[in-house]
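Let me begin by presenting the structure, written as C-alpha cells, before commenting on it.
The values are calculated or read from the model by the stated rules, or taken from the named source; none is laboratory data. Predicted, not measured: the structure shown is a model, and the values here were computed from it. Counting neighbours? That spans all protein chains shown, and the Cβs are built from the backbone with ideal geometry, glycine included. The accessibility values were calculated without ligands, DNA or RNA, using every heavy atom of the protein model including side chains. Shrake-Rupley method; radii C 1.70, N 1.55, O 1.52, S 1.80 Å.
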Amino acid sequence: MVGRNNEYIKTNMKLNISDTLNAQINSELWSSYLFLSMSVNASSKGFKGVAHWFYVQSQKENLDAKKLMDYLNSIGSKVYLYPIEGVPAEWESPLEMFKHKLQHDIKISRLIYVASTIAEENNDNDTLDFLTNFANEQKKEENISRNMIMAFDSVKDDEFAFTLLDKELGEREL
C-alpha cells in the first residue's frame, strides 16, 4: 500500500506550468511592492533620484506581472491573484537598497529557471520561449544591480558625486 501511495504522490505532485506562472505573477507583484517600499524609504531620506528610480522599477514589475497574466489568458489558463505578503520598509542607504535588490533579482532568476525547467519537462516550447525573454531581462536586472552597487560604493564618501548619481537616477524613464 505504501508503494502505491508513493507512486500516486509522484504522479500528482508534478507542477503544471499554469500553477508555476501564477506563482511567478505573485512574485512579480511582491517585487513591485518591495521596490515601491524602497522608493518610499528613499524619498523619506531625501534621495529623490533613488526614490524615482525605484518607483519606475516598481511599475516595471507591474508590467511584467501583466505580461504573465496576458500570456496565461492567451493559452486559456486561469489567472489567480494571490495575497501579497508584506515587504521590508527600512534600509540604511541606497547602497543597502541595491544590495537587497541584487539578492532579490537572483531569487527571481531562480524562480524563472524553475518555471523554464517545468516548461521544458512538459515539452511546452511556447512557454519556454516566453520565459527565455523573462530570463534574459532578469539577467540584465542583476547586472544593473551590480553596477549600481559599484556606483554607490564608489561615491559613498563623496557627497557631491553622490548627489550627481542621485540626480542621474531621477532621470530614469519607464
By accessible area (1.4 Å), largest first, W30, W53 order as W30, W53
Please give the Cα centre distance for region 96-150 versus region 45-70, rounded to the nearest Å.
16
Degrees separating the helix 17-44 axis from the principal Cα axis of the chain, which is the longest one:
10
For region 127-133, Karplus couplings with θ = phi - 60° (6.51, -1.76, 1.60), whole Hz, Gly/Pro x
5, 4, 4, 4, 6, 4, 4
Tell me what the chain gives for mean residue ellipticity at 222 nm when only DSSP H runs of n ≥ 4 count, each as -39,500 (n - 2.57), the sum divided by the residue total, rounded to 500 deg cm²/dmol.
-27500 deg cm²/dmol
Give the lysines whose C-alpha is closer than 24 Å to that of K107, dropping any in the same chain fewer than 8 places away, or say none.
K14, K60, K66, K67, K99, K139, K140
With the 1.4 Å probe rolled over protein heavy atoms, the chain has an accessible area per residue in Å² of 60
Eligible lysines near K167 by straight Cα distance, threshold 17 Å, same-chain separation 8 or greater:
K45, K48, K156
What order do you get for 81-92, 115-126 when each peptide is scored by the mean count of other beta carbon atoms within 10 Å, highest first?
115-126, 81-92
If you roll a 1.4 Å probe over region 52-174 with all protein chains in place, what percent of the accessible area is carbon or sulfur?
51
By how many degrees, between 0 and 90 and to the nearest 10, does the Cα long axis of helix 94-121 differ from the longest principal axis of the chain?
20
